[in-house]
1. Taking into account only those residues within the stretch 413-456 that are assigned to a helix (DSSP H, G or I) and charged (D, E, K, R), which is farthest from Asp64 (Cα to Cα)?
2. Which one of the conditions (1) within 27 Å of Val417 (Cα to Cα); (2) assigned to a helix (DSSP H, G or I) does Ala467 fail to meet, given that it meets all the rest?
3. Could you grab the pairs with beta carbons closer than 7 Å, sequence gap of 6+ or different chains, first residue in the stretch 450-478 and under 15 Å from Ser262 (Cβ atoms), second one among the small types (Gly, Ala, Ser) and surrounded by fewer than 19 Cβ atoms within 10 Å (Cβ to Cβ)?
4. Among the listed residues Lys351, Lys344, Lys379, identify the single one that is over 17 Å from the mean Cα position of the chain (by Cα) and modelled with pLDDT under 95.
5. Any residue at all in the stretch 216-234 that's of a type outside the set (Ser, Thr, Tyr), under 30 Å from Arg391 (Cβ atoms) and surrounded by fewer than 19 Cβ atoms within 10 Å (Cβ to Cβ)?
6. Check off (1) at pLDDT 95 or above; (2) farther than 21 Å from Leu83 by Cβ; (3) touching a helix residue (DSSP H, G or I) at 6+ places or on another chain (Cβ under 9 Å) for Leu488 and give me the number that stays unchecked.
Amino acid sequence: MIPFKYHINQRKYYQRHFPSLLSLVILLLCGSSKLAISSFASITSGPSLGIQEKKEVVVTQYRDVALRIKDLGLKEERAHEFLKIITSVGGRLTGSPQAEKAVELTFSLMKELGLDQVRKEPVEVKRWVRGEREKARLLSSKLGEKDLAICALGNSVATPQGGLKAKVLEVQSFEALEAFKEKARGRIIFYNVAMDRTLLDSFAAYGRAAQFRVRGASQAARVGAVASLTRSLTFRLDSQPHTGQMIYDEKYPQIPAAAISSLDAELLSHWLQKDPDLEVELELSCQTLPPVISANVIGQITGKEKPEEIILLGAHLDSWDLGDGAHDDAAGCAAVIEALRLIKAAGLRPKRTIRAVLFMDEEFGGTGGRAYAHAPERKQEKHLVALEQDRGGFLPLGLGFGRNERDLQALKSVENVLRELGLNWIRNGGGGVDISLLAEQGALLGSVIPDSQKYFDYHHCRLDVAAAVHPRELELQAILLAFLAYFLGVENIF
């Protein structure tokens, strides 16, 4: 639609240069046909807008679009409704019946919302189950006995039937483990490494501490330990154990691996100072079953001019099994679905295809992302941008986008519009596990970045339920995704 301001300027131009059609006729009758044709061409081409005026027109157009999307989103707040549909099945551990129910629910939801080409693309996934027995008990001849709040780490093997009992060696680094390796044989290695509270970036704090959860069991096995116990990854001091993936190094024996709540980690450390010879009884009944076939769920708004060019919005549908996987990552899935709904509800038709992909198996190995990137259908497509939402359903603060300053220039014309929608900053970064391979195919990666200070209160534990996600904060994520996707789907910036 041409802005109203343009029509006003054009009318004034006609009135100034040709008060009536008579002047054009006189020019033709007098033989000045060349002048007449030239003058007529200048009329029909309209006024020549300066660069600044063109920028103002673009900003005005997109501001109107942004306001339309915002008003629709905040009035209806349907993202949280979609989140509750996804979390209604409970935790969606890869390969579980709950994960398959979530696939069917989101497939049906996309159909009901009228998205195009709604489909399921198959993914082979690992099948690990927690089992019914999961307990630990502290035994001290000096201090007594106490149950510990623990949970098996994903991919862990079980303890021997009936459990195991051993003395405990506490360490704060792999270097310390190496230094005390003679003492480690036959013991349970206790990695008491808290997330660094001095880091403002909670994901940076998580990344530094997560190595002990991921690699700790194999490093413990390397020095002859019988099990590993890792402090839960959270800033909070509470009784909630936080699970997550661990990975075995094939060079060493596979030993059981569990997480202990931060509160009980403090207690165990305190008791060890008073009684270095105390023991812990540990029993886990987890196991790995044969792989199963699951699916990525896909729906889209097909581009009206360049349908083969894709703007992808992604999140992962699987979760851990202790809570309902609300922040991680039903919130991302709900925001992605709501973004496409808002674009349709606002009556917007992008030139390029805007696609929602709910990936399976981000938590247990990223097979969904790899299956999507390598699917035969991708050969006929060109992914220009992929945005992944996997940082919880909190208030959006910023946008990570692209790799360099040139990539950021693509958003320069609507930077102020994005700020009006609540963004405080735009910088390079973003992306995620599921879309990483698309960068190799030329896609720019990004993410809307929410406030993460409370994220690890809920991450991978029983507290991660729908009630922990604020409907308005989640909706604001969806609004930003919708506007970004539409802008990237129509502008000639690639």
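The values are calculated or read from the model by the stated rules, or taken from the named source; none is laboratory data. These numbers were taken from a predicted model, which means no experiment stands behind them. We place every Cβ from the backbone using ideal geometry, glycine too, and count neighbours over all the protein chains shown.
1. First pass over the stretch 413-456, keeping only residues assigned to a helix (DSSP H, G or I): 413-420, 433-439, 455-456.
Still in the running and charged (D, E, K, R): 415, 419-420, 434.
Numbers: Glu415: 14, Arg419: 14, Glu420: 12, Asp434: 33 Å.
Top of the filtered list is Asp434.
2. (1)
3. Close Cβ pairs (under 7 Å, with a partner that is among the small types (Gly, Ala, Ser) and surrounded by fewer than 19 Cβ atoms within 10 Å (Cβ to Cβ)) amount to Tyr458/Ala468.
4. Values: Lys351 fails: modelled with pLDDT under 95; Lys344 fails: modelled with pLDDT under 95.
When all the criteria are applied, what remains is Lys379.
5. Of the residues in the stretch 216-234, the ones of a type outside the set (Ser, Thr, Tyr) are 216-217, 219-227, 229, 231, 233.
This time we only want the ones that are under 30 Å from Arg391 (Cβ atoms), so: 216-217, 219, 229, 231, 233.
Next cut, surrounded by fewer than 19 Cβ atoms within 10 Å (Cβ to Cβ) only: none.
Within the stretch 216-234, not a single residue is of a type outside the set (Ser, Thr, Tyr), under 30 Å from Arg391 (Cβ atoms) and surrounded by fewer than 19 Cβ atoms within 10 Å (Cβ to Cβ).
6. That leaves (3) as the condition not met.
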